[in-house]
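> Take this structure first; my questions come after.
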Amino acid sequence: MKSGRRIANPKTKQMAGTYRKDRHGDIAPIAATPIPTGPKQPAYLTPEGKLVWAEEINRVTALGATEADSSAFARYCEMEAHFRLAIMAGDDFPTGVMLTELRRYAELFGIAGLRSRLAKIGTAEPVQSSPYQIRKK
């Protein structure tokens with residue numbers, strides 16, 4: 001790895017007014033980071049899993065799930081579909097392990113959990129500073 005200062009983006013230098021062609025002319029601009037997309041529905045989902053996916057995808061995407069979360073979200077949808085089918089069929093109540101895993105996945109994606117941990121979309125409340133941060137003279 002090369003030692004020394006990191007090379008700054010020429011576009012940033014131009015905006016700051018510190019760009020010099022003799023120093024920064026041969027540096028290629030850094031490409032913008034691609035905008036992350038939401039989870040993509042895998043082909044292996046059952047019809048019941050696809051229904052759960054359709055119900056929850058907007059909420060999960062709004063809370064920040066990306067394409068990297070597709071597989072985990074698909075697992076959640078399949079477990080939730082299996083849980084619903086078992087309840088509707090009147091079979092034995094699903095095991096505690098299944099309920100725990102459903103809760104964990106739901107909390108992971110922000111679908112369920114304590115209200116204090118759920119994200120509030122669209123509300124820009126000002127952050128209140130702690131009274132202990134600023135000393136009164």
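The values are calculated or read from the model by the stated rules, or taken from the named source; none is laboratory data. Because the structure is a prediction, the values reported are computed rather than measured. Quick reminder, even Gly has a Cβ in these numbers, built from the backbone with ideal geometry, and neighbours come from all protein chains shown. When the accessible area is computed, the model is the full protein with side chains, heavy atoms only, and any ligands, DNA or RNA have been set aside. Shrake-Rupley method; radii C 1.70, N 1.55, O 1.52, S 1.80 Å.
> So which residues in the stretch 34-48 are within 18 Å of Leu108 (Cα to Cα) and open to solvent by less than 50 Å² (accessible area, probe 1.4 Å), if there are any at all?
The answer is Gly38, Pro39.
> While we're here: Under 16 Å from Ile111 (Cβ atoms) and in contact with a Gly (Cβ under 8 Å, 6 or more places away or on another chain): which single residue out of Leu99, Leu63 fits that description? Working first, answer last.
On the way: Leu99 fails: in contact with a Gly (Cβ under 8 Å, 6 or more places away or on another chain).
Criteria check complete, one pass: Leu63.
> A further question on this structure: Being surrounded by fewer than 16 Cβ atoms within 10 Å (Cβ to Cβ) and not small (Gly, Ala, Ser) is the filter; apply it to the stretch 58-73 and report the residue that is nearest to Leu45 (Cα to Cα).
Glu67
> Go through the stretch 74-117 and give me each residue that's within 22 Å of the chain's Cα centre (by Cα), free of Cβ contacts under 8 Å to residues at least 12 places away in the same chain and open to solvent by 100 Å² or more (accessible area, probe 1.4 Å).
Listed by number, the residues that qualify are Arg103, Arg104, Leu114, Arg115, Ser116, Arg117.
> Take the stretch 63-95 and flag every residue that is assigned to a helix (DSSP H, G or I) and either among the charged types (D, E, K, R) or at pLDDT below 85 (or both). Quick ask: steps written out before the conclusion?
From the stretch 63-95, those assigned to a helix (DSSP H, G or I) are 67-89; that's our starting set.
Listed by number, the residues that qualify are Glu67, Asp69, Arg75, Glu78, Glu80, Arg84.
> Can you tell which of Gly38, Gly49 is in a loop (DSSP other than H, G, I, E, B) and in contact (Cβ under 8 Å) with a residue 12 or more places away in the chain? Break it down into steps so the answer makes sense when it comes.
Numbers: Gly49 fails: in a loop (DSSP other than H, G, I, E, B).
Unique residue meeting the criteria: Gly38.
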